[in-house]
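One structure below.
The values are calculated or read from the model by the stated rules, or taken from the named source; none is laboratory data. If you're wondering where the values come from, they're calculated on a predicted model, not measured in any experiment. All Cβ positions, even for glycine, are placed from backbone atoms using ideal geometry, and neighbour counts span all protein chains on display. To get the accessible areas, we keep the full protein, side chains included, count just its heavy atoms, and leave off ligands, DNA and RNA. Shrake-Rupley method; radii C 1.70, N 1.55, O 1.52, S 1.80 Å.
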Amino acid sequence: MPVQPPVQQQLKSWFDAVVALGLRVKDREARAHNLRVARLCVHIGRQFSMSQSELRVLARAGLMHDIGKLAIPDEVLDKHSALDDAEWTLVRSHPEMGLTLLDRAGQSSREVLAVLYHHERLDGSGYPYGLQAESIPIEARIVAVADTYDALTSNRPYRTACSDAEARRVLIEEAGARLDPKAVHALLRALDLTPGMRIALAG
């Protein structure tokens, strides 16, 4: 049986493949965010005892979840003040833009659906379609949790990063209503089982 390369090595090769398709990430922090989300997705998937092929789907979905932001102007993405209605509408279109890019690139359907639906929420308050509960694919629900945690614990143009403890509090509050509770608890278990994982993710 062939030895599988380390997940980190696989992530790099998958990201390089995305870049080779011309889907280049605009800046270094965006690239780092995508890599961290991919790694978090894999940690969550392992807590679910997912297969290697399922973990690969999760990793690719995490890497590409924000690919649609390539079509959004930098002045909107990097804005330090609140977005106006038109800018917010543009930002909310990035999952559908991602679908267009990935369809053209010939990516597999599971990853594409995760990209399209990663901002959907269990209570129907998400976008772009207001899907609810089990109608949201599991991959998208996992990406949503990983993306939320990394966004909270990373500096953004409009705010500084939250602490790990504060991010956990937000995830627990959102679990069940908006975020998949099993995915939330899987991430929390992974963080508890791997001391310093957040530091490793930032590296």
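Ordered by 1.4 Å accessible area with all protein chains kept, CYS41, CYS162 run largest first as CYS162, CYS41. Remark on the stretch 32-88: Rg and Dmax equal 15.2, 43 Å (Cα only). Once the 1.4 Å probe is applied to the protein heavy atoms, the stretch 44-203 comes out at 47 Å² accessible per residue. Summed over all non-identical Cα pairs, the Kirkwood treatment of the stretch 110-201 gives a radius of 13.5 Å.
Over the Cα atoms of the stretch 56-138, the radius of gyration divided by the Kirkwood radius equals 0.99; this is the Rg/Rh ratio. Using the Cβ-Cβ distance between GLU134 and GLU96 with R0 = 30 Å, the FRET efficiency computed as 1/(1 + (r/R0)^6) comes to roughly 0.85.
Remark: spin-label model distance ASP123-ASP85 equals 2.4 nm, labels positioned 7 Å along the Cα→Cβ axis. For the stretch 30-180, the square roots a ≥ b ≥ c of the C-alpha gyration tensor eigenvalues yield an a/c under 1.5, which makes the shape rounded. Between LEU193 and VAL170, the simple label model (points 7 Å from Cα in the Cβ direction) yields a spacing of 2.5 nm.
A simple count of charges around ARG110, restricted to other residues whose Cβ falls under 14 Å of its Cβ and scoring Lys, Arg +1 and Asp, Glu -1, yields -1.
Ranked by solvent-accessible area (1.4 Å probe, protein heavy atoms only, all chains present), the residues ASP85, ASP180 order from largest to smallest as ASP85, ASP180.
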